[in-house]
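Take a look at the structure below.
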Amino acid sequence: MQAARADLSADTSDEKARALLRILPGLLALALLCLGLLLGAPARAQSDGGAAALSQQEISSWEAMADRAETAIEQDRASDNAFEGLRAELVDWRSRFEAARSANSAAISAVQAQIDALGPLPESGEEPQAVADQRAQLEERLAELRQPVRRAEIAYSRADALIRSIDANLRARQAEALLELGPSPLDPTKWPGALEDLSGFFFSTGHDIAENWASQTKRDVFLQNLPVIIFLVILALVLVARGRGWIELLAIRLLDQERSAARWLVSFIVSLGQILLPVLGLFLLTTAAITSGLLGERGEAFLGTLPAAGFLIFATRWLGDFVFPVSQRSGLMLSLSQAQRREGRVYANVLGLLLGLHALMRKAIVLEDWPAATVNVLIFPLLVVLGLFLLRISRFLIQQGRDTADEGDGVSGFRQQLVHLLGQVIAVLAVLGPALAAIGYFQAGTALVLQLFYSLELLALLLILQKMIVEIYVVISGDRQRASDALLPVILAFVLNLAALPVLALIWGARQTDISELWSRFRAGFTVGETHISPTDFLVFVLIFVLGYGLTRLLQGTMRTTVLPKTRLDIGGQNAVVSGLGYVGIFLAGLVAITTAGIDLSSLAIVAGALSVGVGFGLQTIVSNFVSGIILLIERPISEGDWIEVGGEMGFVRSISVRSTRIETFDRTDVIVPNADLISGKVTNWTRGNLIGRLIVPVGVAYGTDTRKVQKILQTIAEEQPLVLLNPPPGVVFTAFGGDSLNFEIRAILRDVTQILDVQTEILHRIAERFAEEGIEIPFAQRDIWLRNPEALLPRDGAPRGPVASEIPAQGETGQGGTGQGATPAPARGLLRRDDLHDEGGSDGDGDGSSGDAGDR
């Protein structure tokens, strides 16, 4: 039993130590962050308390600015850029007003405290003149201090309303532009003009190059820089043509050597070179072209877009390589065959090229300011091809969802349903976008196709980053199975997806000012009654509570492994101390966190009091178990490792919590017992205080055996057992004359009652051996069977019936339980038929074929 307790304590300590080691880095990071927040709190408080009120000149400037903004909003003639600039000025003013709202906060608090110290005004309205004069002076001072605050609040509200109006105007303009009906790209009359504009752009660029070459000065500069230009061009071509292939080959070889999380992370970092090296090559190529001095302003501006276009191309190819990997060692995000993955990589490459070409076309459109008809005709083929390839990719997703929708558990099935739905949405938008563009809603069609594609790229990037998080966790924990079941990677993935929402909003047309406005309102928080709660307050609360919780667990681990083992407390007492320390620490952590965050819960006291009545009735069982758990920890009638019996269940106590106690039975099943049952019910603790317990072994021998000899043999057997105490000595009791045997009992005290089954087994083995040596018989129950009219069981020819004769017991069997004379056993009616009760000679007069002789067999 002591060994079991030691093993339990050691296992628990090891688990707690490993848990503390896992959370220790996070606790240190939280401690540093909280320290930074606490150190920054005085500075923020000083800045808030010392915020200057707005001067009269600032108020006049603001009034003029606000009037100008209202005029612009009413006329609605300013351009989008003008509105954006006006909005930026309003945001700056609003920030100043927000800071001014906290002006004189320290002085206001001091004056308010003095007024509170005077106490409430008497109901009669009469108070000493000195107190009344002081109260009037303080209230006048308070009104004077609050006047700048009210002025700042009014100005803040006006600025905020103007910003909302500008945002509404800009969003309305954006919606109008998106739904504007323009020239259709399918109109053949627009094609010649579009081709002419495109050829004119390249002709003008070539003309600029020819003019620059004709200039002696430009030619001399070109010849002077020619060695550098040649070097840059060669290096650029090598990086663009071969750099990506080299990096891809290196990444695949890293995975082929060994499949591990560390290898995958190294391969992931190396694979980024597939983007960086080619883009660097394009940048060098652009630098070489600009260094030549021959391109002209138009050509240099156009080539300046080449690195960005190259980034779109190679980033799309990089994402395609991860979603549709060459080797399965990279990890499959979609259950696709090798041929399907190869096809997916081809689609990704083509889509990347189309995106790069679209970026270059957009730059040419900006430079040349082409008409809408030219833009629609030139961009429409790209949209059609993009839509076709997106349609092919949607087929992969639909097939993936259809093939695996019915496999796995509910979570996997739901995930595959989402994949199938995503594929269907992509298919619809891939067709709808080019269709809208063909009709003439070109802005809407272009937005659908391009934003859909950028959204897919963002989704692929999120999947890759989530896999990276899992691999990092595997490297840290060293257990891939634990990583698949761990909560931390899921939380980090959720935070990552949450952080990607603003990016997704920007992709689908949200303005950056919209995101910043939402963030500002989020930071401002919300008010519940008189309590203002901001994300900063909530973050401070969480950080302080987590830090206090971690320090509590650290202190518990230290007490359990270092301090308490050196005391005289038993295991149960040590666990009680550790548990009580945990409850107190968590309570203090919550209290300190609430106080530090500045959350005022006094306004919620009435609501909490009203709810407590209903909660008390609804949770009375839980509260009863909670109180019982505290009583168990204090009184300790049972401890972890005790062998107890409660409610018909017997086993070892493995853990005691505030609500319930877990008992491990002898068949290795866990029984959860509410603590209230342990306090109010009957509990047998076999090992409370010590492990000494009594063993009783009943023994029966046959009648006629020498009882003195039996008692001596049993006494010797009991004294032979090493776990049987000799003081008090074991005893043998002749208990009774039983129905089948002479009954004895061995009664012995064991020094370790947990070994009672082993001792009982050994005693029974020795009894069987000694009784066999001494010729003592151990009886078993036997009975005589008496039949009425046994001749009725015989057929008329005198031969026994087949099916019945085999069921007739042997006659004359008697056991040690007596002869059975004088008793009338019940007849065996199940073995007879009605016609078997009568023979040819007729009946004997009583109608049942019975002879009335109880001695007949």
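The values are calculated or read from the model by the stated rules, or taken from the named source; none is laboratory data. These figures come from a predicted structure and were not determined experimentally. Heads up, the Cβs are rebuilt from the backbone with ideal geometry, glycines too, and the neighbour counts pull from every protein chain shown. When the accessible area is computed, the model is the full protein with side chains, heavy atoms only, and any ligands, DNA or RNA have been set aside. Shrake-Rupley method; radii C 1.70, N 1.55, O 1.52, S 1.80 Å.
Residue by residue, here is whether (1) closer than 30 Å to residue 96 by Cα; (2) in a helix (DSSP H, G or I); (3) without any contact (Cβ under 8 Å) to a residue 60 or more places away in the chain; (4) open to solvent by less than 50 Å² (accessible area, probe 1.4 Å) holds:
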site	(1), (2), (3), (4)
108	yes, yes, yes, yes
112	yes, yes, yes, no
127	no, no, yes, yes
131	no, yes, yes, yes
142	yes, yes, yes, yes
145	yes, yes, yes, yes
152	yes, yes, no, yes
157	yes, yes, yes, no
160	yes, yes, no, yes
Next item on the list: Could you pull out the residue among 476, 469 that is surrounded by fewer than 18 Cβ atoms within 10 Å (Cβ to Cβ) and either hydroxyl-bearing (Ser, Thr, Tyr) or not in a strand (DSSP E or B) (or both)?
Entry: 476
Next item on the list: Starting from region 267-289, take each residue that is buried (at least 19 other Cβ atoms within 10 Å of the Cβ) and list its partners that are part of a loop (DSSP other than H, G, I, E, B) and of a type outside the set (A, V, I, L, M), counting only C-beta distances under 7 angstrom and pairs at least six apart or across chains.
Entry: 286/304
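Under the condition of being part of a strand (DSSP E or B) and of a type in the set (Gly, Ala, Ser), which residue from region 691-719 is modelled with the lowest pLDDT? Steps first, please.
Filtering region 691-719 for residues part of a strand (DSSP E or B) gives 693-701.
Filter once more, so that each one left must be of a type in the set (Gly, Ala, Ser): 693, 700.
On the way: 693: 87, 700: 93.
Of everything passing the filter in region 691-719, 693 is modelled with the lowest pLDDT.
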Next item on the list: Count, please, the residues in region 165-186 that happen to be exposed (fewer than 13 other Cβ atoms within 10 Å of the Cβ) and farther than 30 Å from residue 78 by Cβ.
Entry: 0
Item checked: Meets criteria (farther than 30 Å from residue 183 by Cα, part of a helix (DSSP H, G or I), open to solvent by 20 Å² or more (accessible area, probe 1.4 Å) and at pLDDT 90 or above) for residue 311 -> yes
Next item on the list: Could you tell me whether residue 461 is assigned to a helix (DSSP H, G or I) and modelled with pLDDT of 90 or more?
Entry: yes
Checklist line | Failed condition for residue 283, given (1) touching a helix residue (DSSP H, G or I) at 6+ places or on another chain (Cβ under 6 Å); (2) at pLDDT below 90 | finding: (2)
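Against the condition buried (at least 19 other Cβ atoms within 10 Å of the Cβ), within 21 Å of residue 432 (Cβ to Cβ) and touching a helix residue (DSSP H, G or I) at 6+ places or on another chain (Cβ under 9 Å), how does residue 387 come out, does it pass?
Considered against the rule, which asks whether it is buried (at least 19 other Cβ atoms within 10 Å of the Cβ), within 21 Å of residue 432 (Cβ to Cβ) and touching a helix residue (DSSP H, G or I) at 6+ places or on another chain (Cβ under 9 Å), residue 387 comes out as yes.
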Margin query: When you check residue 699 against the structure, is it crowded, with 16+ Cβ neighbours inside 10 Å, touching a residue at least 24 places away in the same chain (Cβ under 8 Å), aliphatic (A, V, I, L, M) and closer than 30 Å to residue 767 by Cα, yes or no?
Written below: yes
Checklist line | Per-region count, region 679-693, residues surrounded by 17 or more Cβ atoms within 10 Å (Cβ to Cβ) and hydroxyl-bearing (Ser, Thr, Tyr) | finding: 1
Next item on the list: Look at residue 231 and say whether it is loosely packed, with under 14 Cβ neighbours inside 10 Å, at pLDDT 90 or above and under 30 Å from residue 446 (Cβ atoms).
Entry: no
Item checked: Residue identified as within 25 Å of the chain's Cα centre (by Cα), of a type in the set (D, E, K, R) and either modelled with pLDDT under 85 or more than 24 Å from residue 466 (Cβ to Cβ) (or both) among 514, 485 -> 485
Item checked: Filter result for the condition that a residue is in a helix (DSSP H, G or I) and either open to solvent by 40 Å² or more (accessible area, probe 1.4 Å) or under 21 Å from residue 494 (Cβ atoms) (or both), over 431, 449 -> 431
Check: Among the residues of region 354-384, how many are among the small types (Gly, Ala, Ser), open to solvent by less than 20 Å² (accessible area, probe 1.4 Å) and more than 22 Å from residue 457 (Cβ to Cβ)?
Finding: 1
Next item on the list: Check 688, 668, 654 and return the single one that is under 35 Å from the mean Cα position of the chain (by Cα), on the phi < 0 side of the Ramachandran plot and not in a helix (DSSP H, G or I).
Entry: 654
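Looking at the structure I just gave you, is residue 661 of a type outside the set (Gly, Ala, Ser), modelled with pLDDT of 85 or more and closer than 20 Å to residue 633 by Cβ? Don't jump to the end; show me each part of the working.
Details: of a type outside the set (Gly, Ala, Ser): yes; modelled with pLDDT of 85 or more: yes; closer than 20 Å to residue 633 by Cβ: yes.
Yes: the conditions hold for residue 661.
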Notebook entry, point to check: Does region 719-750 hold any residues that are touching a helix residue (DSSP H, G or I) at 6+ places or on another chain (Cβ under 7 Å) and open to solvent by less than 40 Å² (accessible area, probe 1.4 Å), and which are they?
Noted result: 721, 724, 730, 732, 742, 744, 746, 748, 750
Check: Based on what the data block shows, is residue 99 under 28 Å from residue 515 (Cβ atoms), at pLDDT below 75, among the aliphatic types (A, V, I, L, M) and surrounded by 15 or more Cβ atoms within 10 Å (Cβ to Cβ)?
Finding: no
Next item on the list: Please enumerate the residues belonging to region 484-523 that are touching a residue at least 24 places away in the same chain (Cβ under 8 Å), assigned to a helix (DSSP H, G or I) and open to solvent by less than 40 Å² (accessible area, probe 1.4 Å).
Entry: 493, 500, 507, 513, 514, 517
Item checked: Which listed residue, of 211, 196, 248, is assigned to a helix (DSSP H, G or I), over 58 Å from the mean Cα position of the chain (by Cα) and over 26 Å from residue 441 (Cα atoms) -> 211
